[in-house]
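Following: one structure in C-alpha cells, then a few remarks.
Bear in mind these aren't lab numbers, they're just calculated from the coordinates by the rules spelled out. Being a predicted model, the structure only gives us computed values, none of them experimental. In this analysis, Cβ positions are derived from the backbone assuming ideal geometry, glycine residues included, and neighbour counts consider all displayed protein chains.
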Amino acid sequence: MAETITAVYVQDDEDWTITVTGLGKEMTARAPGIIAARDTADQLVEKITGEKQPVTVVHLLGGSALEFTTAYMTARLARPEPEVETPDAEEKAAEEEPEDAEDNADAVPAQPSAEDNDADQVPAAEPVAST
C-alpha cells in the first residue's frame, strides 16, 4: 500500500512555507510563489521517501486540499504565455519569393491584361429619360 505524505502550505505575503510530513519525518522549506512551492514540496517528498516506494501526497492549504488545488490552478492558469515571435508579412513573402523569378516563369500562368478585360465587357445601357 502507498504511504501518505502531507504537504502543508502557509502563505506569507508572496512567499510560501511548505512543511512535508510522512514516514516519521518532517521537512520545511520556503519558496517564492505557489508554483515554486509545489515544486519544492515534490523535492522534499523525494528527500523523505528516497524515491524507493510509491507515495500519495496530499497538498493542503488552510487544511483543505480543494483550497490548495484552487489556488494552485489559478496561479498556473494566470501565468502569461511566452511570447512567440512571428515574422512580419513582408519577411514571410521574402522567404517564399523565389530567388530567380525567370527560373519559375512556368509556375504562374499568364494573366489577362487590362485591355483584354475591356474587350470582354458589354457596354452599359444608356439611361432612359423619364417623362
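What is the distance, in nm, between label points placed 7 Å from the Cα along the Cα-to-Cβ direction at Thr69 and at Asp42?
1.8 nm
Near the amide H of Leu23, under 5 Å away, which other amide H atoms are found, from residues 5 or more places off or on another chain, if H is placed in the peptide plane?
none
Of all beta bridges DSSP finds with both residues in the stretch 3-78, what is the antiparallel percent, to the nearest 5? Provide the component values of the computation, followed by the final result.
Values: 16 of 23 bridges.
Approximately 70 percent, going by the DSSP bridge assignments.
Sorted by packing (mean other beta-carbon atoms within 10 Å per residue), highest first, where do 55-61, 34-40, 12-18 land? Provide the component values of the computation, followed by the final result.
Numbers: 55-61: 16.7, 34-40: 18.7, 12-18: 14.0.
Packing proxy ranking, top to bottom: 34-40, 55-61, 12-18.
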